[in-house]
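S.K.: Right, I'll just put the structure down here and ask away after.
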Amino acid sequence: MLEITKENIEKAIEKARATKPKVKVIEFRRYAVTNKTTGANYEVKFYKISGKKFAECDCKATKICYHIGASIGAHIIEAEKMHTATA
Ligand SMILES: [Zn+2]
């Protein structure tokens, strides 16, 4: 599990914009990311612990990868929906 910082997520989003992987919502906080070129599938999970944000991806990367960068956009939309639903 890796902590999301403003710096590392910005880099990951940049990479995601260049590679444009496909993101599918599995459930809230869980996303399936597909690399359109290789067809490889990865699962990204988001966590919130004591106000800090964390993410996990099942690819080989040991830092915030572009799969996480690609899913965060979907995650923000989902989080807003949840917030609206519970409000
Ligand atoms: Zn990854």
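The values are calculated or read from the model by the stated rules, or taken from the named source; none is laboratory data. Keep in mind that this is a model prediction, so the values were computed, not measured. Positions of Cβ are backbone-derived with ideal geometry, glycine not excepted, and every protein chain shown enters the neighbour counts.
S.K.: Return the residue satisfying two criteria in turn: it lies in the stretch 14-44 and is among the small types (Gly, Ala, Ser) and surrounded by 12 or more Cβ atoms within 10 Å (Cβ to Cβ), and of such residues it is nearest to residue 81 (Cα to Cα). Talk me through it step by step, then tell me what you get.
M.R.: The initial filter retains those residues of the stretch 14-44 that are among the small types (Gly, Ala, Ser), namely 16, 18, 32, 39-40.
Retained after the next criterion (residues that are surrounded by 12 or more Cβ atoms within 10 Å (Cβ to Cβ)): 16, 32, 40.
Details: 16: 23, 32: 19, 40: 28 Å.
The selected residue is 32.
S.K.: Test of understanding: among 36, 24, 63, which residue is near the ligand (Cβ under 10 Å from one of its atoms), touching a helix residue (DSSP H, G or I) at 6+ places or on another chain (Cβ under 9 Å) and among the basic types (Lys, Arg)?
M.R.: 63
S.K.: So which of 10, 43, 56 is away from the ligand (no atom under 14 Å from the Cβ) and free of Cβ contacts under 8 Å to residues at least 60 places away in the same chain?
M.R.: On the way: 43 fails: away from the ligand (no atom under 14 Å from the Cβ); 56 fails: away from the ligand (no atom under 14 Å from the Cβ).
So the residue among 10, 43, 56 that is away from the ligand (no atom under 14 Å from the Cβ) and free of Cβ contacts under 8 Å to residues at least 60 places away in the same chain is 10.
S.K.: Among the residues of the stretch 46-82, write down those that are of a type in the set (D, E, K, R), loosely packed, with under 15 Cβ neighbours inside 10 Å and touching a strand residue (DSSP E or B) at 6+ places or on another chain (Cβ under 8 Å). Full working, then the answer.
M.R.: First, pick out the residues of the stretch 46-82 that are of a type in the set (D, E, K, R): 48, 52-53, 56, 58, 60, 63, 78, 80-81.
Subsequent filtering for residues that are loosely packed, with under 15 Cβ neighbours inside 10 Å retains 48, 52, 56, 58, 60, 63, 80-81.
If the condition is that a residue be of a type in the set (D, E, K, R), loosely packed, with under 15 Cβ neighbours inside 10 Å and touching a strand residue (DSSP E or B) at 6+ places or on another chain (Cβ under 8 Å), then 48, 52, 56, 58, 63 are the ones that fit.
S.K.: Now for a different question. Being within 16 Å of the ligand (Cβ to nearest atom), in contact with a Cys (Cβ under 9 Å, 6 or more places away or on another chain) and assigned to a helix (DSSP H, G or I): is that true of residue 75 here?
M.R.: No: the conditions fail for residue 75.
Residue by residue, here is whether (1) over 12 Å from the mean Cα position of the chain (by Cα); (2) small (Gly, Ala, Ser); (3) modelled with pLDDT of 95 or more holds:
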site: 13; (1), (2), (3): no, no, yes
site: 22; (1), (2), (3): no, no, yes
site: 31; (1), (2), (3): no, no, yes
site: 43; (1), (2), (3): no, no, yes
site: 47; (1), (2), (3): no, no, yes
site: 58; (1), (2), (3): no, no, yes
site: 70; (1), (2), (3): no, yes, yes
site: 73; (1), (2), (3): no, yes, no
site: 77; (1), (2), (3): no, no, no
